[in-house]
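Beneath this line is the structure, given in structure tokens, with notes to follow.
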Amino acid sequence: MKILHLYPNLMNLYGDHGNITVLSRYLKDLGIRVKVEKKDIEDLIDFNQYDFIYMGSGTEDKLKIAMKDLMKYKLFISRYISKGKAGLFTGNAMELLGRKIDDEEALGILNFETVTTEKRYTGDVIARNEETKEVVGFINKSSLIKGGEADKLFTYEFRDSNLVDNDYEGYRTGNFFGTHIIGPVLVKNPAFREVIVKILAGEKFEERVYPYEQEAYDNTLQELRKRK
């Protein structure tokens with residue numbers, strides 16, 4: 001199993017490498033050999049080598065640097081996703097999957113656009129879908145997302161009043177996920193992590209419970225529910 005961690009030095013604002021750490025551990029616990037490769041700006045990338053692609057959050061300036069470099073792989077990423085291969089972009093990396101960020105062309109994988117703002121939108125959330133159940137986390141962004149509801153990933157159950165965006169959050173196309181929720185999101189949400197592990201492990205999948213992480217999730221969910 002080969003995992004590609006894109007721009008780990010540039011796009012790792014909130015300890016996003018933790019998502020790769022817990023995902024790799026789960027796969028290894030299932031007896032799957034895992035190799036994580038890191039690629040930064042100007043590295044040559046053969047996307048066909050990988051089973052999973054991950055990118056985390058960065059500052060707005062660093063996001064633009066990542067976008068400029070990634071655009072040369074636009075066709076290859078589109079083909080990768082169309083083959084049903086898996087990935088996850090978290091935080092503002094998700095914005096690269098849309099058609100545009102302001103007036104600049106993005107990857108165009110999904111049918112949404114991003115408008116950057118001078119205001120920063122932050123807050124805790126509970127979001128859900130049938131597979132992941134309730135997902136908890138934090139959003140910190142200076143952008144608004146327009147469109148793409150047909151490919152929405154989550155529906156909000158709770159969000160702080162500062163978050164005035166859509167009633168839905170994140171996107172999914174095939175086995176590729178994008179979400180503004182940070183935490184890191186796979187560390188804080190065992191059920192969401194399990195959804196991705198099922199895709200990657202296939203017939204080797206077995207449910208695993210990591211007690212400390214499950215307890216932390218349960219406590220966080222309980223506290224956020226009090227604020228609903």
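List the lysines whose Cα sits under 20 Å from the Cα of LYS100, skipping any in the same chain fewer than 8 residues away.
Output for LYS100: LYS62, LYS64, LYS68, LYS72, LYS74, LYS119, LYS141, LYS146, LYS152.
Evaluate E = 1/(1 + (r/R0)^6) for ASN166 and ASP218, where r is the Cβ-Cβ distance and R0 equals 25 Å; express this FRET efficiency to the nearest 0.05.
After rounding to 0.05, the efficiency reads 0.35.
Which aspartates and glutamates have a Cα lying under 16 Å from the Cα of LYS28, excluding residues fewer than 8 positions away in the same chain?
GLU37, ASP51, GLU194, GLU203, GLU206, GLU207
Each label point is 7 Å from the Cα along the Cα-to-Cβ direction; what then is the distance between the points at THR122 and ASP103, in nm?
Roughly 3.1 nm, to one decimal.
Using only Cα atoms, what Kirkwood radius does the stretch 117-228 have, in angstroms?
Final number for the Kirkwood radius of the stretch 117-228 is 14.8 Å.
Dipole size in debye (nearest 20) for the stretch 2-226 around its Cα centre, Lys and Arg Cβ +1, Asp and Glu Cβ -1?
560 debye
Just the number: Rg to Rh for the stretch 2-226, Cα atoms, Kirkwood Rh, two decimals.
When Rh is taken as the Kirkwood radius, the ratio is 0.94.
Can you put ASP160, ASP102, ASP151 in order of Cβ neighbours within 10 angstrom, beginning with the fewest?
In order of increasing Cβ crowding within 10 Å: ASP102, ASP160, ASP151.
Which of the listed residues, THR90, TYR217, ILE126, is farthest toward the dipole's positive end in the stretch 2-226, when Lys, Arg count +1 and Asp, Glu count -1 at the beta-carbon?
THR90
Taking the Cα centre of the stretch 2-226 as the origin and placing charges on Cβ (Lys, Arg +1; Asp, Glu -1), which of MET55, VAL115, SER78 is farthest toward the positive end of the dipole?
Working it through, the farthest residue towards the positive pole turns out to be SER78.
List PHE176, PHE47 from most exposed to least, where exposure is judged by having the fewest other Cβ atoms within 10 Å.
By the 10 Å Cβ count, ascending, the order reads PHE47, PHE176.
Percent antiparallel among DSSP beta bridges with both residues in the chain, to the nearest 5?
Close to 60 percent.
Coordinate-derived values only; no laboratory data. The shown structure was predicted, so the numbers you read here are calculated from the model rather than taken from an experiment. Positions of Cβ are generated from backbone atoms using ideal geometry, with glycine treated the same way; all protein chains shown enter the neighbour counts.
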